[in-house]
1. Does segment B:33-46 hold any residues that are under 12 Å from the mean Cα position of the chain (by Cα) and either among the acidic types (Asp, Glu) or not in a helix (DSSP H, G or I) (or both), and which are they?
2. Hey, among B:13, B:26, which residue is under 21 Å from residue A:73 (Cα atoms) and not assigned by TED's automatic domain parsing to the domain that holds residue B:142?
3. May I ask you to verify whether residue A:80 is among the basic types (Lys, Arg), in contact with a Leu (Cβ under 6 Å, 6 or more places away or on another chain), closer than 30 Å to residue B:169 by Cβ and assigned to a helix (DSSP H, G or I)?
4. Does segment B:61-74 hold any residues that are more than 14 Å from the chain's Cα centre (by Cα) and either open to solvent by less than 10 Å² (accessible area, probe 1.4 Å) or not assigned by TED's automatic domain parsing to the domain that holds residue B:23 (or both), and which are they?
5. Tell me which residues, restricted to segment B:30-50, are under 12 Å from residue A:76 (Cβ atoms) and either modelled with pLDDT under 95 or more than 9 Å from chain A (Cβ to nearest Cβ) (or both).
6. Filter segment B:123-155 for residues that are small (Gly, Ala, Ser) and open to solvent by less than 20 Å² (accessible area, probe 1.4 Å); which is farthest from residue A:17 (Cα to Cα)?
7. Tell me which residues, restricted to segment B:148-181, are of a type in the set (S, T, N, Q) and either at the interface with chain A (Cβ under 8 Å from one of its Cβ atoms) or closer than 15 Å to residue A:60 by Cα (or both).
8. If we scan segment A:33-43, do we find a residue that is within 12 Å of another protein chain (Cβ to nearest Cβ) and either exposed (fewer than 15 other Cβ atoms within 10 Å of the Cβ) or in contact with a strand residue (DSSP E or B) (Cβ under 9 Å, 6 or more places away or on another chain) (or both)?
Amino acid sequence: MAEQFGKLPGACAHQEENLVLLHYGDLAGTECDTLRSHLNSCAACKDYLQDLGKLLPLTIKTDEPPQTFWADYKRELRHKLDDAAQKPRWRQKLAPLLQPRLVPLLATAAVVALALTFTLGQNLWTTNEPAREAAAMLEVLPVAENLEFFKTLDVLDDLELLEFMGSQGSAA
Amino acid sequence: MNPGDEELVASARRGDRRAFEELVERHQQRAYHIAFDFARDREDAKDLSQEAFLKAFTNLKNFDGRSSFYTWFYRILVNLCLDYKRRQKRAPADTFDETAKNEMEPSHQPQEPRSPDQQVWARQISLRVGQALDDLPARQRTAFVLKNHQGLSIKEIAELMETAEGTVKVHLHRAVTALRQSLADFV
């Protein structure tokens, strides 16, 4: 039974796909024989097939460029191929790394590396701190000792005090 | 005796530029016409087909020979054409003018003497067909163009589209049904 589709009547719904294939010569064997015998008795399918024969060739827009076009085409393409062959090598080396499968892999590796840096790496940094402090103390200690020495120098500068301390010492 | 595509591909992979140019020579016309079926514009079809050759040239080392060079190359081309159509849809204002201009371009029409009425009719058909094709989903359009315009077999189209033959038949049927309804005035 033919069905009505929009503006144009359709063919038998279960035959339409095969009618398209028959139009293009892509139907063979028993399917082709069955459809051909069906066409003898179905006006809707026959009309559909005729419509395809009229309509589908209209959709082809042909373009046959002149010979000069092909000469330009070849010359232009040769230049483009030359340029492609001379592309910098670093790009070719990087290309495998930018392949779709490797990109998520590299991204995952980067995330893992960052995670390790912020977890384990933090401990490594903190274990270095006492060593740094000790080194700083070693640098500061001689200065501190010198400071004590200079303080004692201040005392030595005061002669009266020295004499007083000397007399105290002798009296004792 | 002429070497087959696969032999030329092997030579090209070893760095033989002449071998690749021979492949271009063999496929340039069909590549151009497929691109034209999508773009319906001479310059764009030229750019698209050349880009496909360029892409094939730079990726020749990745060609593993699981499919024929023919299938591999035309898959590259069809994907570029579909990208082009997607870009066009994103910028409809630009493309409308361009399409309209090209539809009117007499050099794109078959070189036959026509009466003014016939010319107007042909232009109307061309515009409507272009619009109807643009309205088809990408995979339906691909199946239709490769079958109707290029005469590829269902098996070849299935390999090219990396899908089952049954799926190609469904796409083709849907495309034809949609076009038949869109262009009902011309039947």
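The values are calculated or read from the model by the stated rules, or taken from the named source; none is laboratory data. Here the structure is a predicted model, which means the values were calculated and not measured. Cβ: placed from backbone, ideal geometry, glycine included. Neighbour counts: every protein chain shown. In case anyone asks, the SASA skips ligands and DNA or RNA and just uses the protein heavy atoms, side chains included. Shrake-Rupley method; radii C 1.70, N 1.55, O 1.52, S 1.80 Å.
1. If the condition is that a residue be under 12 Å from the mean Cα position of the chain (by Cα) and either among the acidic types (Asp, Glu) or not in a helix (DSSP H, G or I) (or both), then B:37, B:40, B:41, B:44 are the ones that fit.
2. Of B:13, B:26, the one residue that is under 21 Å from residue A:73 (Cα atoms) and not assigned by TED's automatic domain parsing to the domain that holds residue B:142 is B:26.
3. So residue A:80 does not fit the description; no.
4. B:69
5. Matches in segment B:30-50: B:43, B:47.
6. B:126
7. B:148, B:150, B:153, B:177, B:181
8. No: segment A:33-43 contains no residue that is within 12 Å of another protein chain (Cβ to nearest Cβ) and either exposed (fewer than 15 other Cβ atoms within 10 Å of the Cβ) or in contact with a strand residue (DSSP E or B) (Cβ under 9 Å, 6 or more places away or on another chain) (or both).
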